[in-house]
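The structure appears right after this line, and notes come after that.
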Amino acid sequence: MSEKKNLFKERSFCISSDFSLDELNYLFDKGKAFKEAWFSNSPKRQNLLSEFRINNPHLGDYLDPDFGIYDAFFENSTRTDHSSKNAALFHHINHLSFDPSKSSISKSESYADTFMTLAGYNNRIFIIRTKLEGVCKWLEIKGEEFYSQGKLEFKPAFINAGDGKHEHPTQELLDDFTFLEDNNWDRSNIHIALIGDLLHGRTVHSKVEGLKIFNNVEVDLIAPDIIQMPEHYLFKMKKNGFKIRIFESLDEYYAQKHIAQKQYFTRPQLERMGDEIIKIQNTLRDKIIFKKEFLNKLPENTYFYHPFPRHREHPTIPEFLDTMPLNHYSKQSSNGKIMRIILLSAISGKIGWDFEGETVPVPHYSDSFIKDINPDNQKSKVYKEGINPLENGVVIDHINSGEKDPYPIWNYLIKVMDRMDFTKYKGSIHVGESKKNPGSFKGIIFLPKAKTLSDSELKKLSAITGGCTVNQIKDNKIERKSKLSIPPRTYGIKGIGCKNINCISHESHIQNVPSEFITEPNGKMTCIYCDTPHISNEIWRK
Ligand code: NCD
């Protein structure tokens, strides 16, 4: 009989979608049971809580009581930091805090070296907040590598406690838990307004996948244009089937009738804003601050939420609201400790054994992006270099086919030559016009005498200019003809990099993180660390 596996054990939580909907719902159900036990007067209260406590010698523990949890906050925090510390204390295990200013990080040590060292001291779970984006993802990869090579006794798990403007998955856990509580655990619908700095606010970015626990999702995005939700998150929300409406200000929102009963306020993230936005902060604020005169516009049973902190001088939800029934942000904040207790319980392997749903599927990346076409089935085509037929070499055809302007194709062809290191060969570039569709252009690269292209060169060429056709010619015959499309996964290629300066993989941080991109159905290449989308031309450093 195969031993039952705990799917939560040793899992990292870097973004909301690292857990499946079934797994998230399991955590919410456990959170509900825990909260009931926490507030119960029953004499069995301690027994009930013990079901969740990592170190519980009374339950015939299978866990190592010496295992440790570390938190490391490279960016300031009150709620996430202290609810995590309180959650760790609940578990009666070793808990330590890392002080970046006193560590070798200040001697230019990398994140990977630092955290693999701490993992070697029997610390199994790390709760990390950074300014840089994608740090936990990178550490998860590194931790798996070290563990599989026997350099670590245990596989460490990394919990993202907020990374730059990217994601804040544990906040999403407690937010969704609070919404569910307020919905009487009904998962059929949610209508929510997200208000404030939707551009830099990582808590609202995590809602793009997190809110999928509800069957029907309506989201009203209320923010001045300059700090509206980024395009790629909008795209994902629509793909997830969310109904989206966009408003420029609260004035505009409350002037119409379909007002959400759940309203989630955020603060302008001044520390992440550029000078341009800072200059107009007062005008922006005015559009997202709740004012007394809006009170009579709110439907019955409207609840306000806020991840906090709020600015003590210019809060988006002013203090006069605190004593009103619409204040659900106080409860939301307390739920932070509960859901972080549950998360640690699951990742340690204390709970999770009774989970029966679906987990996150292992991604499969097809390698059919290089399709060989039998040259015999093709109309025999003779490529010419100037007036002479090409006897030997390589011809790359259909580059940027369909472009309406020849000029960008010329520039692009030079880039392709450079990126592929083709400039070492003699040859020529050509921009041609389609006979069938006049006004539609394409680029061609001729490389007479170039040696045949290896599969790894074809793979690189696919990532540079997917859509082209490669003809490898020998003795006047096309010996191999291949149609290339953009690879589903682009990695292991020199010269590629994420354009997001705040990404851990960005070359300026010298963390030696290998770049990797996943191609989305819309053709955008998304960085696996920070989720920034790129068009294929943007992933190249030159
Ligand atoms: C949020 C954060 O850090 O992203 N706060 C939190 O974790 N409770 C929101 C914010 O800082 O505005």
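The values are calculated or read from the model by the stated rules, or taken from the named source; none is laboratory data. Because the structure is a prediction, the values reported are computed rather than measured. No Cβ is skipped: glycine too gets one built from the backbone with ideal geometry, and neighbour counts run over all protein chains shown.
Looking only at residues in region 318-341 that are charged (D, E, K, R) and more than 13 Å from the ligand (Cβ to nearest atom), the one that is farthest from residue 30 (Cα to Cα) is 319.
Please determine, by comparing only the residues of region 145-162 that are of a type in the set (A, V, I, L, M, F, W, C) and within 14 Å of residue 15 (Cα to Cα), which one is farthest from the ligand (Cβ to nearest atom).
As a first pass, look at region 145-162 and keep what is of a type in the set (A, V, I, L, M, F, W, C): 146, 152, 154, 157-159, 161.
From the residues that got through so far, the ones that are within 14 Å of residue 15 (Cα to Cα) too are 157-159, 161.
Values: 157: 20, 158: 17, 159: 13, 161: 7 Å.
Ranking the candidates gives 157 first.
Which of the residues belonging to region 398-408 are in a helix (DSSP H, G or I) and exposed (fewer than 12 other Cβ atoms within 10 Å of the Cβ)?
So in region 398-408, the residues in a helix (DSSP H, G or I) come out as 406-408.
Of everything in region 398-408, just one residue is in a helix (DSSP H, G or I) and exposed (fewer than 12 other Cβ atoms within 10 Å of the Cβ), namely 407.
Only one of the numbered conditions (1) outside any loop (DSSP other than H, G, I, E, B); (2) more than 21 Å from residue 349 (Cβ to Cβ) is not met by residue 124, and that is (2).
Taking only region 120-144 into account, find how many residues are farther than 14 Å from residue 13 by Cβ, more than 16 Å from the ligand (Cβ to nearest atom) and either in contact (Cβ under 8 Å) with a residue 12 or more places away in the chain or buried (at least 22 other Cβ atoms within 10 Å of the Cβ) (or both). Number satisfying all stated conditions: 6. All of 468, 498 fail the test of being in contact with a Leu (Cβ under 6 Å, 6 or more places away or on another chain) and either within 22 Å of residue 424 (Cβ to Cβ) or at pLDDT 95 or above (or both), apart from 468. Can you run down the residue pairs with Cβ atoms below 6 Å, 6 or more apart or on separate chains, where the first is in region 400-415 and without any contact (Cβ under 8 Å) to a residue 60 or more places away in the chain and the partner is among the hydroxyl-bearing types (Ser, Thr, Tyr)? Every condition considered, the pairs that remain are 402/440.
Among the numbered conditions (1) modelled with pLDDT of 95 or more; (2) not assigned by TED's automatic domain parsing to the domain that holds residue 458, the only one that residue 365 does not meet is (1). Restricting region 1-51 to residues that are among the aliphatic types (A, V, I, L, M) and not in a helix (DSSP H, G or I) leaves a set whose member that is surrounded by the most Cβ atoms within 10 Å (Cβ to Cβ) is 15.
Tell me, yes or no, whether region 52-70 has at least one residue that is at pLDDT below 95, assigned to a helix (DSSP H, G or I) and of a type in the set (A, V, I, L, M). Within region 52-70, one or more residues are at pLDDT below 95, assigned to a helix (DSSP H, G or I) and of a type in the set (A, V, I, L, M).
Pairs linking a residue in region 474-502 that is free of Cβ contacts under 8 Å to residues at least 40 places away in the same chain to a residue that is assigned to a strand (DSSP E or B) and surrounded by 19 or more Cβ atoms within 10 Å (Cβ to Cβ), with Cβ atoms under 7 Å and 6 or more positions apart or on different chains, are 491/516.
Matching residues to (1) modelled with pLDDT under 95; (2) farther than 20 Å from residue 483 by Cα; (3) in a loop (DSSP other than H, G, I, E, B):
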position: 410; (1), (2), (3): no, yes, no
position: 417; (1), (2), (3): no, no, no
position: 431; (1), (2), (3): no, no, no
position: 435; (1), (2), (3): yes, yes, yes
position: 456; (1), (2), (3): yes, no, no
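Taking the criterion of being away from the ligand (no atom under 16 Å from the Cβ), touching an Asp or Glu at 6+ places or on another chain (Cβ under 6 Å) and modelled with pLDDT of 95 or more, would at least one residue in region 90-97 satisfy it? Walk me through it before giving the result.
Initial filter on region 90-97 (away from the ligand (no atom under 16 Å from the Cβ)): 90-97.
Those left that are additionally touching an Asp or Glu at 6+ places or on another chain (Cβ under 6 Å): 97.
From the residues that got through so far, the ones that are modelled with pLDDT of 95 or more too are 97.
Checked region 90-97: at least one residue is away from the ligand (no atom under 16 Å from the Cβ), touching an Asp or Glu at 6+ places or on another chain (Cβ under 6 Å) and modelled with pLDDT of 95 or more.
Restricted to region 409-429, and to residues there that are more than 32 Å from the chain's Cα centre (by Cα) and buried (at least 17 other Cβ atoms within 10 Å of the Cβ), the residue that is farthest from residue 389 (Cα to Cα) is 409.
The set of residues in region 95-119 being surrounded by fewer than 17 Cβ atoms within 10 Å (Cβ to Cβ) and not small (Gly, Ala, Ser) consists of 96, 99, 100, 102, 107, 109, 113, 117.
Looking at region 511-525, which of its residues are touching a residue at least 12 places away in the same chain (Cβ under 8 Å), of a type outside the set (D, E, K, R) and surrounded by fewer than 20 Cβ atoms within 10 Å (Cβ to Cβ)? Talk me through it step by step, then tell me what you get.
Narrowing region 511-525 to residues touching a residue at least 12 places away in the same chain (Cβ under 8 Å): 511-520, 522-525.
Within this subset, residues satisfying the condition of being of a type outside the set (D, E, K, R) are 511-515, 517-519, 522-523, 525.
Within region 511-525, 511, 512, 514, 518, 522, 523 meet the criteria.
For first residues located in region 32-52 and under 12 Å from residue 342 (Cβ atoms), partners that are assigned to a loop (DSSP other than H, G, I, E, B) and lie 6+ apart or on another chain with Cβ distances below 6 Å form the pairs 34/52.
Residue 81 meets the conditions (1) exposed (fewer than 15 other Cβ atoms within 10 Å of the Cβ); (2) modelled with pLDDT of 95 or more; (3) acidic (Asp, Glu) in every case but one. The failed one is (1).
Taking region 267-285 as the range and being part of a helix (DSSP H, G or I), out of contact with any Pro (no Cβ under 9 Å at 6 or more places or on another chain) and either modelled with pLDDT of 95 or more or surrounded by 14 or more Cβ atoms within 10 Å (Cβ to Cβ) (or both) as the test, only 272 passes.
Working carefully through the options 323, 359, find the one that is in a loop (DSSP other than H, G, I, E, B) and surrounded by 12 or more Cβ atoms within 10 Å (Cβ to Cβ). Step through it out loud before you land on a result.
Working: 323 fails: surrounded by 12 or more Cβ atoms within 10 Å (Cβ to Cβ).
Going through 323, 359 in turn, the sole match is 359.
The residues of region 157-189 that are under 17 Å from residue 334 (Cβ atoms), out of contact with any helix residue (DSSP H, G or I) (no Cβ under 7 Å at 6 or more places or on another chain) and of a type in the set (D, E, K, R), listed by number, are 181, 182.
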